[in-house]
1. Tell me the trypsin sites (Lys or Arg not before Pro) within the chain that lie in a loop according to DSSP and have at most 13 other beta-carbon atoms within 10 Å.
2. With a 1.4 Å probe and all protein chains left in place, how much accessible area per residue does the chain have, in Å²?
3. Show Phe39, Phe10, Phe56 ordered by accessible area, largest first, where the area counts protein heavy atoms only and the probe is 1.4 Å.
4. Does the chain come out rounded, prolate or oblate, given a ≥ b ≥ c as the square roots of the eigenvalues of its C-alpha gyration tensor, rounded meaning a/c under 1.5 and, failing that, prolate meaning a/b above b/c?
5. Considering only protein heavy atoms and a 1.4 Å probe, what is the carbon-and-sulfur percentage of the accessible area of the chain?
6. What is the magnitude of the charge dipole of the chain about its Cα centre, with +1 placed on the Cβ of each Lys and Arg, -1 on the Cβ of each Asp and Glu, and no other charges, expressed in debye to the nearest 20?
7. So what is the relative contact order for the chain, in percent, with contacts set as C-alpha pairs under 8 Å and at least six apart?
Amino acid sequence: MSLDVGELAFDDENEAKLAAHGVTIEEVLQVLDGAPRFFGNRRDRRATHVMLGPTFGGRLLVVPLEEWGSGIWRPVTAFDADDEQRQRYRS
């Protein structure tokens, strides 16, 4: 799946959720700047899509995204990928 993510929007709420998972804004931006893959999220979730990819340090992050405008997406949170998500990224 291709997704036009021109910019990511951050605010106090999502910054706190990132921090709760030990993830920095810089790492989320690294995922976007690296080799992300995009997937549709489950229908019962706030975020409609998921960005999955590596940081420059080698972490593989899951970043649920909600659309905020034309090419602007807001990370709802971010966390380390589990084994199933790692396999999905590689396939």
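1. Sites meeting the loop and neighbour criteria: Arg42, Arg43, Arg45, Arg46.
2. Values: 5290 Å² over 91 residues.
Counting only protein heavy atoms, the per-residue value for the chain is 58 Å².
3. Values: Phe39 25, Phe10 60, Phe56 145 Å².
Sorted by accessible area, descending: Phe56, Phe10, Phe39.
4. Working: a/c = 1.32, a/b = 1.11, b/c = 1.20.
Rounded, since a/c falls under 1.5.
5. Working: 2510 of 5290 Å².
The value for the chain is 48 percent carbon and sulfur by accessible area.
6. Values: 11 positive and 16 negative charges, 95 e Å.
Magnitude of the dipole: close to 460 debye.
7. Working: 164 pairs, mean separation 27.7, N = 91.
Over the chain, the number comes to 30 percent.
The values are calculated or read from the model by the stated rules, or taken from the named source; none is laboratory data. Quantities reported herein were computed from a predicted structural model and do not represent experimental measurements. Don't worry about glycine lacking a Cβ; one is built from the backbone with ideal geometry, like all the others, and counts go over all protein chains shown. These area figures cover heavy atoms from the full protein model, side chains too; ligands, DNA and RNA do not enter into them. Shrake-Rupley method; radii C 1.70, N 1.55, O 1.52, S 1.80 Å.
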